[in-house]
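The structure appears right after this line, and notes come after that.
The values are calculated or read from the model by the stated rules, or taken from the named source; none is laboratory data. Since the model is a prediction, treat every value here as computed from it, not as a measurement. Reconstructed Cβ throughout: ideal geometry from the backbone, glycine too, with neighbour counts over all protein chains shown. Side chains are part of the model used for accessible areas, which takes the heavy atoms of the whole protein and leaves out ligands, DNA and RNA. Shrake-Rupley method; radii C 1.70, N 1.55, O 1.52, S 1.80 Å.
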Amino acid sequence: GSSGCVACSASSTTLAEGGVNGTTDCLCLAGYAPPAGSIGDSCAICSSGSYKTETSDAACTLCEAAKFSFAPGATQASACLSCPANAWSPPGSSVASACLCERGYQEVLNGGGDCEMCPVGAYKDVLGPGPCAPCPAGTYFGG
């Protein structure tokens with residue numbers, strides 16, 4: 001029988017029969033990872049903005065730049081959704097509002113976070129929210 005066998009935690013499992021040590025044989029399921037500095041049967045759900053595809057003691061992988069994921073415990077990279085065109089977010093972003101218009105683009109006022117190129121004669125030289133500004137007197141837009 002299985003007398004004496006101890007179950008791994010609900011967020012971990014062994015990859016084969018015959019495990020003898022919960023700390024080394026119990027591995028975190030996809031979507032879970034050991035907290036920083038620990039291994040084995042202690043597993044925490046991957047936070048929003050990250051994912052983990054396999055059963056292992058590996059850390060969760062951050063969504064890449066210009067993507068975000070609001071779903072904790074994601075098990076596929078496809079959980080990381082792309083920012084709108086011409087927008088960027090830092091790696092590990094967990095909300096769509098982290099997507100900011102790139103330099104030379106301003107947010108379209110449609111509530112969707114879309115970004116449009118600055119009109120002729122205007123510029124925006126920083127990443128983030130805010131409108132394009134007209135070129136100051138005595139200057140022109142040089143591309």
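Tabulated data
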| quantity | calculated |
| --- | --- |
| The lone exception for S48 - which of (1) closer than 30 Å to A7 by Cβ; (2) polar (S, T, N, Q); (3) at pLDDT below 90; (4) not in a helix (DSSP H, G or I) it fails | (3) |
| Breaking point among (1) in contact (Cβ under 8 Å) with a residue 40 or more places away in the chain; (2) surrounded by fewer than 17 Cβ atoms within 10 Å (Cβ to Cβ); (3) in contact with a Cys (Cβ under 7 Å, 6 or more places away or on another chain), for T75 | (3) |
| Extreme residue, most open to solvent (accessible area, probe 1.4 Å), among residues of the stretch 1-35 that are without any contact (Cβ under 8 Å) to a residue 12 or more places away in the chain and hydrophobic (A, V, I, L, M, F, W, C) | V20 |
| Cβ pairs under 6 Å, 6+ apart, first in the stretch 112-139 and over 19 Å from A65 (Cβ atoms), second open to solvent by 80 Å² or more (accessible area, probe 1.4 Å) and acidic (D, E) | none |
| All positions within the stretch 36-70 that are open to solvent by 50 Å² or more (accessible area, probe 1.4 Å) and of a type outside the set (A, V, I, L, M) | G37, D41, S42, S47, T53, E54, D57, T61, E64, K67, F70 |
